[in-house]
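Notes follow once the structure below has been shown.
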Amino acid sequence: MATIASSQAEQQSEQTSPRRIGWPAWAASYLQATPLILILGFFFILPIAMIAVVSFWDYDFAGLYPAFLTMNYTETLGSWVTWKTYLNTLKFTVIVWALTVFIGFWVAYFLAFHIRRTSTQMILFLVCTVPFMTSNIIRMISWIPVLGRNGLVNSALIKAGIIPQPIEWLLYSDFAVVLAMVHLYTLFMVTPIFNTLMRIDRSLFEAARDAGASGWQILWNVVIPLAKPGIAIGSIFVVTLVMADFSTVQVMSGGQSASVALMMKNQMSLLQYPAAAANAVVLLIVVLMMVAAILRVVDIRKEL
């Protein structure tokens, strides 16, 4: 009887109490995502859409004229100078990527596995970030007294009797461009690789040693496969930064080399905005294809 009475009381309370009207699940999800959608739409999608629209416009020395012309793309893709510039940019990208992967992996490996104390790891990692406390231009200019004809390297080699005269290609050359880019972007490879290596379970190394694996076998079969997501993230950073870099190429090559970003910068200085926009769209497609190729090889969702 008590049970029946309590159930009747609960039914009466449910009937008398007002029902709560809540947001549908889909509406609440869209409402929560609205700020991010607005930010991405205004600062990312809208500028890209504007660049794509302007790339079809006509122009002359006096101004821009809204139209729908494929002239800018035909001139861009039909010029051997453009193709040569893209090949030169890809050459810089591949060389810098290979060097930053090699240097970044070993720096991250040393910090993760050879430094035992967490405080020491953090101190050494902060030391790696010290150059980023100054601007890129200052860091590039700092190489000029080192690599110049009468710079530190040439003076030391001549005094040591290794070379009879200064080496000309140390500065204002492709070598100087690659060296400066490696200096600028290696940390973008060290950080994600270090983060990935710190997540590796150390018991895997013990299991590999118990199975008779040597140090190099552990490195090749355990460490490197587990570090691939970090290498992929660092590769995306380095590839996108090198492909979009124009100041390093301009300063360190002394105007003797070219890149796609530098070509766009020169076009904008000549008020050729639609041509520069067409180059930007082509460059964006190339970079997205390279990023997609990296993501096809390595799944980085474990790191996100």
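Within segment 132-152, is even one residue free of Cβ contacts under 8 Å to residues at least 24 places away in the same chain, surrounded by 16 or more Cβ atoms within 10 Å (Cβ to Cβ) and in a loop (DSSP other than H, G, I, E, B)?
yes
Looking at THR248, is it modelled with pLDDT under 90, among the hydroxyl-bearing types (Ser, Thr, Tyr) and under 16 Å from the mean Cα position of the chain (by Cα)?
The answer is yes for THR248.
Suppose we filter VAL223, VAL238, VAL282 for residues that are among the β-branched types (Val, Ile, Thr) and either assigned to a loop (DSSP other than H, G, I, E, B) or closer than 21 Å to TYR73 by Cβ (or both); which single one remains?
Answer to the check: VAL282.
Kindly evaluate ALA180 against the criterion of being under 22 Å from PHE113 (Cα atoms) and assigned to a helix (DSSP H, G or I).
Spelling it out, it is not the case that ALA180 is under 22 Å from PHE113 (Cα atoms) and assigned to a helix (DSSP H, G or I).
Scan segment 247-263 residue by residue and report those that are surrounded by 23 or more Cβ atoms within 10 Å (Cβ to Cβ) and outside any helix (DSSP H, G or I).
SER259, the sole residue that qualifies.
Please go through segment 111-123 and pick out each residue that is surrounded by fewer than 14 Cβ atoms within 10 Å (Cβ to Cβ) and either within 19 Å of PRO192 (Cβ to Cβ) or not polar (S, T, N, Q) (or both).
HIS114, ARG116, ARG117, THR118, MET122, ILE123
Restricting to segment 214-246, and then to whatever is in contact with a Phe, Trp or Tyr (Cβ under 9 Å, 6 or more places away or on another chain) and more than 30 Å from VAL281 (Cβ to Cβ), can you tell me which residue is surrounded by the fewest Cβ atoms within 10 Å (Cβ to Cβ)?
The selected residue is ILE224.
Answer yes if at least one residue in segment 57-65 is part of a helix (DSSP H, G or I) and either among the hydrophobic types (A, V, I, L, M, F, W, C) or in contact (Cβ under 8 Å) with a residue 24 or more places away in the chain (or both), and no otherwise.
For segment 57-65, residues part of a helix (DSSP H, G or I) and either among the hydrophobic types (A, V, I, L, M, F, W, C) or in contact (Cβ under 8 Å) with a residue 24 or more places away in the chain (or both): absent.
The values are calculated or read from the model by the stated rules, or taken from the named source; none is laboratory data. What you are looking at is a predicted structure, and each value in this text was computed from that prediction instead of being measured. Methodologically, a virtual Cβ is constructed for each residue, glycine included, from the backbone with ideal geometry; neighbour enumeration extends over all protein chains shown.
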